[in-house]
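The structure under discussion appears below in the form of structure tokens.
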Amino acid sequence: MLPMVYMALVDDEDLPAFEEMYERTHKKLYSIAFDILNDHQLAEDALSDLFLRLSLSFKKINNFSLHDLDAYLVRCIKNTCYNVINKNDAEKRKIDKLIKNSHIKSTAIDNSIFDKIELDLLKKVISSLPEPYMTALVLKEYYDLKADDIAKQMNISKRSVFYYVKAAKVMILQEIGGSDLNE
Amino acid sequence: MNNKLREAIEGGIIIPEAQAFASAETTDHVFSLEYTRKTEKLIKRQKKKYYPLICTSARRTACVIIAFFVISITTVLSVEALRTPFFDFIMSIFSNHSEVRSLDDGGNYPDKIESYYEITYDLSEYQIIYSDTQNKKTNIYYNNGEKYIYFTQTVVKRYESNFNTEGAELEYIDINGIEAIGYLDNHNCYTLIWNNGEYIIDITSNIGKDALIEIAKSVQKVES
């Protein structure tokens, strides 16, 4: 008998959902990660990190439709790859700091302003947002996740979640001429 | 939530990314042993009903505190054992097992295995039937018929294990001046775990406590 008896301590009776999701998706997600990172080790690290984070709020995401779940996983693996690439990127930190000190904090945004924007234009602008801003916006405004869950998934603080979501909206409005819309 | 914004996100991101997932190739990549182990462990953990209670460091710490108070009035385990700190570790005690993991802000330890430790006790009657050395952990499995010894050396900050402590009484054993945690599990296997100041050494065997302590005392640095 191997001394791996330690590991035979788990309940085997329930919750195969996480394992099912893993089995169904991990090879495709690996391919997506590898396409971005072009390195087997880094792609494995990203995948491993992704599933660890998914496990932290799995109960919530397990309620998504299959279509939404697949899109969620793609969004999250892209964000995880972004984090891997930018792990030690001083330039990114510099930009983040610059933006954090900008006027965004004090900008008030009424969501109804988006009703005035033409749908195709809004789609185009949203899909060109920089990575962390896009992910935070999608997780908040489409998946309706709480800041805690978004923070866990993106490996950022709760405060940063609020910041990224708000900054994403400011970027959208700036891109399509938000000042005109306010008038 | 704003419906227009949601609709735009759906059209601009959700639908294309769901399609990207559907059309992504299924890789034939052979995943590394380390990745496979890590993932298997995660899947097993996820199956635990109480996983949501212990899935973050803060929650695990809370579990330790709660366990301390519960156990201090139920005497399931030795109070002495619980009150003595396990150096740079959090120990979560459940009814049928315990989990030990390093503190995120633990001491200044090597990030990878730079020095190798081995059992120097004469084990010539044993065969090494499995040996695996990685950046963060080495495993050696010695076997002699029914008897076995399982030795691991792990980077302190990566140490995380489940132990079968159901019905077990934890005790502290002196290993060359270092305090090790020892216990006999319900499979009659004795385990010793200690932090030697550089790495976590963990030995499990069915040869008996006293014999295992002698072997544990022979663990030395053999290569740098």
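Looking only at residues in segment A:29-74 that are hydroxyl-bearing (Ser, Thr, Tyr) and out of contact with any Ser or Thr (no Cβ under 6 Å at 6 or more places or on another chain), the one that is surrounded by the most Cβ atoms within 10 Å (Cβ to Cβ) is A:72. Among the residues of this structure, residue A:37 counts as one that is more than 7 Å from chain B (Cβ to nearest Cβ) and at pLDDT 90 or above.
Checking the structure you have, find out if any residue of segment B:199-218 is within 16 Å of the chain's Cα centre (by Cα) and surrounded by fewer than 20 Cβ atoms within 10 Å (Cβ to Cβ). Working first, answer last.
Filtering segment B:199-218 down to residues within 16 Å of the chain's Cα centre (by Cα) leaves B:199-204.
Going one step further and asking which of them are surrounded by fewer than 20 Cβ atoms within 10 Å (Cβ to Cβ), we end up with none.
Checked against the condition, which is being within 16 Å of the chain's Cα centre (by Cα) and surrounded by fewer than 20 Cβ atoms within 10 Å (Cβ to Cβ), segment B:199-218 yields no hits at all.
Listed by position, the helices (runs of 4 or more DSSP H) enclosed by segment A:113-183 that each have at least 2 residues that are surrounded by 20 or more Cβ atoms within 10 Å (Cβ to Cβ) are A:119-126, A:131-137, A:147-154, A:158-175. The residues of segment A:60-75 that are more than 9 Å from every other protein chain (Cβ to nearest Cβ) and in contact with an Asp or Glu (Cβ under 7 Å, 6 or more places away or on another chain) amount to a single one, A:60.
Kindly provide the set of residues from segment A:19-47 that are closer than 28 Å to residue A:147 by Cβ and touching a Leu at 6+ places or on another chain (Cβ under 8 Å), ordered by number. The answer is A:21, A:25, A:26, A:29, A:33, A:46, A:47. Looking at A:42, A:47, just one residue is more than 9 Å from chain B (Cβ to nearest Cβ), at pLDDT 90 or above and in a helix (DSSP H, G or I), and that residue is A:42. With respect to (1) at pLDDT 85 or above; (2) crowded, with 21+ Cβ neighbours inside 10 Å; (3) not charged (D, E, K, R), the lone exception for residue B:126 is condition (2).
Is it the case that segment B:177-186 has a residue that's in contact with a Pro (Cβ under 7 Å, 6 or more places away or on another chain) and in contact (Cβ under 8 Å) with a residue 12 or more places away in the chain?
No; the residues of segment B:177-186 include none that is in contact with a Pro (Cβ under 7 Å, 6 or more places away or on another chain) and in contact (Cβ under 8 Å) with a residue 12 or more places away in the chain.
The values are calculated or read from the model by the stated rules, or taken from the named source; none is laboratory data. These figures come from a predicted structure and were not determined experimentally. Reconstructed Cβ throughout: ideal geometry from the backbone, glycine too, with neighbour counts over all protein chains shown.
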